[in-house]
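One structure is given here, and the rest of the page talks about it.
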Amino acid sequence: MSLCEIVRLEGYIQSSYLAVYPDKIMLLDGCCRADVPMVLDYIKTTLKRPVTDLKVVVVTHMHPDHAGGANKFREKTGCLIVSTDRKKSSGIAVLVGARCTS
């Protein structure tokens, strides 16, 4: 599996990054809710990929502009949401060392 590109997307409040692989896509930061349609449209229109290729959303921290859209992405794509925050939120897997707990 080899990374094809990293794409920076300018959101309403912050930037988010798509790591684009041949067979999957990972979003670094869950964006704010207002950015979800823009990210999904970019995947469909620019990358010409199904939104279900978004497999993982990494939430860097639990602020609305970094995690606010994460659950919407899961609803729309079925992706896994992961975070390194120790505080668990409903439905967010928390990475602890080398294993993932949910």
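Readers should treat all values here as calculations from the given coordinates under stated rules, not as data from a laboratory. The shown structure was predicted, so the numbers you read here are calculated from the model rather than taken from an experiment. Cβ placement follows ideal geometry from the backbone for every residue including glycine, while neighbour counts extend to all protein chains displayed.
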Requested in this report: Can you list which of the trypsin sites (Lys or Arg not before Pro) found in the stretch 8-40 are DSSP loop residues with at most 15 other C-beta atoms within 10 Å?
Outcome: Lys24
Query raised in the report: Hey, rough spin-label estimate for Met62 and Ser15, points 7 angstrom out along Cα→Cβ, what's it come to in nanometres?
Result: 2.8
Query raised in the report: Counting Lys and Arg as +1 and Asp and Glu as -1, each charge on the Cβ, what is the dipole of the stretch 16-70 about the Cα centre in debye, to the nearest 20?
Result: 200
